[in-house]
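The next block holds one structure in the form of C-alpha cells; read it before the comments.
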Amino acid sequence: MRRNKTISSYLLVSPYLLHIFVFVLFPVGFSLYLSFHQWNIISPMEYVGLTNYEKVLQDQYFLKSLRNTLVFLAIHIPLQIGIALGLAVILNQKIWFRAFFRGAFFMPVVVSGVVVTILWQQLYGYEMGSINLFLMKLGFEKIGWLTDPQWAMPSIAIMATWKNVGLYIILFLVGLQSVPKSLYEASSLEGATRWQQFWHITLPVINPTMMMVMILSTIGGFSLFIEPYVMTGGGPLNSTLSAVLYIYKQGFFYYHMGYAATLGLLLALIILLVVFIQRMVIENKQP
Amino acid sequence: MKKFLFYILLGLAAFAFLYPFIWMVSASLSEERSITDVSLWPVALTFDHYIKLFENIPIAGSFVNSVFVATIVTFGVLVFSSMAGYALARHRFKGRNLLFYFLLFTMTLPFQLTLIPNYILMVQFGWTNSFAALIFPGLLNAFAILLFRQHFLSIPQDLIDAARIDGCNEWRILFQILWPVSVPTLITVGIITFMTTWNDVLWPIIVIREEHLMTMPQLVTLFAVGGRSMGQIGMKLASATLLALPIIIAYLIFQKHFIQSMAASGQKE
C-alpha cells in the first residue's frame with residue numbers, strides 16, 4: 001500500500017519532470033554551451049571561447065535595443081500605474097454600469113497583440129491615421145507617430161498601455177477592496193481628508209499590487225516583439241529595435257545561433273537583475 | 001457633482017477603449033478609398049475585403065489549426081499540471097520540497113533564455129513545420145501546477161481518505177473525486193492556457209514556415225507584414241477583425257470568468 005503510493009507519487013510528477021528536463025533544464029545548459037560556440041545550424045559547431053561575450057559588449061544594436069527598452073519603460077510604467085490606479089479608484093466607488101466599464105477596459109487584454117498592433121498601425125498613420133486627422137481638426141500639427149524616431153517608441157509604449165491597462169485596473173481593484181472599511185471610518189472621525197486617507201491608508205495597502213504592476217510591465221517591456229515586428233520592423237533608425245526582435249534577427253535571419261543564444265542569456269540575466277533591484281528598492285521604501 | 005465628473009471620465013475612457021475596435025470593424029467593411037472617412041459606421045459598405053482575404057490566404061484552415069493546437073495544449077495542461085499539483089499538495093515523497101522550490105525557481109526564468117536552444121531542439125527532433133513543435137513545449141507549465149497545488153491544499157483530507165478506503169487508486173481520486181470539486185480552478189487554468197496559446201505568435205513564427213500549418217495569429221501577422229496584403233488597409237483590418245472575433249465572442253460570453261482568471265494570473269508574483 002505505502003510503496004504503491006510512493007510509486008504513484010512519482011508517476012504523478014513524471015510528466016512534469018520529463019517536460020522540465022527537456023524544455024527548461026536542457027535548453028538552459030545548452031544555451032550556456034552555445035554561447036561559447038559559433039554555429040549556423042548547418043556546418044559543424046566551432047568553439048570560440050569568450051568571443052560572443054566580447055562581441056555583445058561592443059554591439060551597438062544590442063545596446064541600442066536596451067536603451068529603447070528603457071525609453072519604453074520610462075513612459076509605459078508611469079502611464080500604466082497612473083491610469084490603472086485612477087480608474088480603479090473611480091470604479092471602486094458606488095457607480096452605475098460598473099460591470100460595463102470594467103468589461104470595456106478589459107477588452108484589449110484578451111485580444112491578440114497582433115490585432116492591436118495592426119489596428120494601431122492604422123490609427124497612427126501619418127497622412128490618413130485617425131489620430132492625426134483628429135489632431136488636425138483640433139488645429140494641431142500632424143505627428144509622425146511611427147515615422148519620427150523621437151516618437152516611435154513612445155507611440156508603442158502608449159499602445160501597450162492601452163492594451164494592458166485593463167488587467168492592472170482589475171488587480172488594483174482587488175487591492176483596493178482589501179482595505180478594511182473601518183480604517184476609513186476611524187480616520188474620518190479624526191478629521192483626515194480624502195487625500196490624506198489615500199496617501200496614508202490606501203497607498204500602503206496596495207503597495208504589493210504596485211510592485212506587481214511594475215515587475216510585470218518591466219518583463220513585458222523586455223519581451224516586446226510583435227509590436228515593432230509588425231509596425232516598424234525596428235525602425236525608424238532602429239529607434240524601436242527591441243531586444244527580442246534583435247535576438248530573432250540574429251538567430252533566424254542571419255542564423256548566428258551561438259551569438260543569439262549569448263544575447264538571450266545576457267538579456268535574461270539583465271531582466272532578473274532589474275526585477276531584483278526593483279524589489280529591493282520598493283521593499284526598503286516600505287515603512 | 002463629483003459623481004458626475006466620474007461618469008464623464010469613465011465615459012471618455014470607455015470610449016477610448018471601445019472606439020478603436022468599432023472603427024476596425026467599420027473600416028474593414030468600407031471601400032478602400034473611403035476608409036479615411038470612416039468615423040463610426042462603414043462608408044460605402046462592402047464585403048470585398050473579406051472575400052479577397054479568403055481567396056488569398058488559407059485563413060479558415062489557420063482557424064482550424066489554432067483551435068486544434070489550443071484545445072490539445074489546454075487539455076494537456078489541465079491533466080498533467082493537476083497531476084503534478086496533486087502530488088505536490090497531498091503526497092509525501094522524497095524530493096517533494098526540493099521539487100516545489102525548483103518549480104518556483106523555474107517560474108522566474110525569462111523565456112528569452114530558452115528561445116534559441118528550444119528552437120534547435122525542435123530542429124533536432126525533426127519537429128519544425130509540425131504541430132508537435134506547437135503542442136509539446138506547451139503541455140505543462142509551472143504556474144498551472146502552482147494554482148492546482150494551492151487549490152488541492154484546501155481540500156479536506158477526509159474526502160481523500162474516504163475515497164482511499166473505498167479502494168480508489170490515486171488516478172481515480174484525482175480525476176473522479178478531486179476534479180469535480182475543482183471546477184473554478186480548472187476554468188481559470190483552462191482560460192489562461194487557451195488564451196495564451198491562441199494569442200502566441202513569436203514561437204509559431206520561429207518553428208512553422210509552411211502556410212497550411214500556420215496558426216491564425218501567425219498567418220495574419222505574416223499577411224500584414226509581407227507583400228500579400230498589397231498595402232490594402234481594408235484587407236489588413238479584415239484579417240485583424242477575424243483574428244479578434246473568436247476571442248471577443250468567448251470573452252463576451254464568459255466575461256466574468258475571463259476577468260477572474262486573469263486577475264488570478266496576475267497574483268502569481
Checklist entry - Restricting to the stretch A:238-266, what's the tally of residues that are surrounded by fewer than 23 Cβ atoms within 10 Å (Cβ to Cβ), more than 20 Å from residue A:117 (Cα to Cα) and either among the basic types (Lys, Arg) or more than 9 Å from chain B (Cβ to nearest Cβ) (or both)? => result 5
Checklist outcome for this item: Of the residues in the stretch B:76-95, those that are of a type in the set (Ser, Thr, Tyr) and at the interface with chain A (Cβ under 7 Å from one of its Cβ atoms) number 1
Next on the checklist: I'd like the full set of residues that are at the interface with another protein chain (Cβ under 7 Å from one of its Cβ atoms) and of a type in the set (A, V, I, L, M), limited to the stretch B:10-26.
Outcome noted: B:10, B:13, B:14, B:18, B:24
Checklist entry - So which of A:32, A:73 ends up being surrounded by 15 or more Cβ atoms within 10 Å (Cβ to Cβ) and under 20 Å from residue B:111 (Cβ atoms)? => result A:73
Checklist entry - Given (1) touching a residue at least 24 places away in the same chain (Cβ under 8 Å); (2) β-branched (Val, Ile, Thr); (3) within 28 Å of residue A:232 (Cβ to Cβ), where does residue B:201 come up short, assuming only one miss? => result (1)
Next on the checklist: Testing residue B:214 on (1) at pLDDT 95 or above; (2) surrounded by fewer than 19 Cβ atoms within 10 Å (Cβ to Cβ), one condition comes back false. Which one is that?
Outcome noted: (2)
Checklist outcome for this item: So, first residue in contact (Cβ under 8 Å) with a residue 12 or more places away in the chain in the stretch A:24-48, second residue part of a strand (DSSP E or B) and surrounded by 15 or more Cβ atoms within 10 Å (Cβ to Cβ), Cβ within less than 8 Å, six or more apart or across chains; the pairs are A:45/A:37; A:45/A:38; A:48/A:37; A:48/A:38
Next on the checklist: If I filter the stretch A:254-270 for residues that are among the polar types (S, T, N, Q) and in a helix (DSSP H, G or I), do I get at least one hit?
Outcome noted: yes
Item to check | Which numbered condition residue A:186 fails, given (1) in a helix (DSSP H, G or I); (2) within 11 Å of another protein chain (Cβ to nearest Cβ) | outcome: (2)
Checklist entry - Could you say whether any residue in the stretch A:195-208 is more than 9 Å from chain B (Cβ to nearest Cβ), surrounded by 18 or more Cβ atoms within 10 Å (Cβ to Cβ) and not small (Gly, Ala, Ser)? => result yes
Next on the checklist: Quick check on my filter: what residues within the stretch B:77-107 are in a loop (DSSP other than H, G, I, E, B) and surrounded by fewer than 14 Cβ atoms within 10 Å (Cβ to Cβ)?
Outcome noted: B:92, B:94, B:95
Checklist entry - Counting residues that are within 17 Å of the chain's Cα centre (by Cα) and at pLDDT 90 or above, which helices (runs of 4 or more DSSP H) fully inside the stretch A:28-137 reach at least 1? => result A:60-91, A:98-110, A:113-123
Item to check | Scan of the stretch B:169-211 for residues that are buried (at least 16 other Cβ atoms within 10 Å of the Cβ), more than 9 Å from chain A (Cβ to nearest Cβ) and assigned to a loop (DSSP other than H, G, I, E, B), ordered by number | outcome: B:182, B:208
Checklist entry - Residues of the stretch B:10-40 being part of a helix (DSSP H, G or I), touching a residue at least 12 places away in the same chain (Cβ under 8 Å) and of a type in the set (Asp, Glu), which ones? => result B:32
Next on the checklist: Being more than 7 Å from every other protein chain (Cβ to nearest Cβ) and either without any contact (Cβ under 8 Å) to a residue 40 or more places away in the chain or part of a helix (DSSP H, G or I) (or both) is the requirement here; does residue B:121 meet it?
Outcome noted: no
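The values are calculated or read from the model by the stated rules, or taken from the named source; none is laboratory data. It should be emphasised that the depicted structure is a prediction, and the values quoted were computed from it without experimental measurement. Note that each Cβ is placed from the backbone with ideal geometry, even for glycine, and that neighbours are counted across all protein chains shown.
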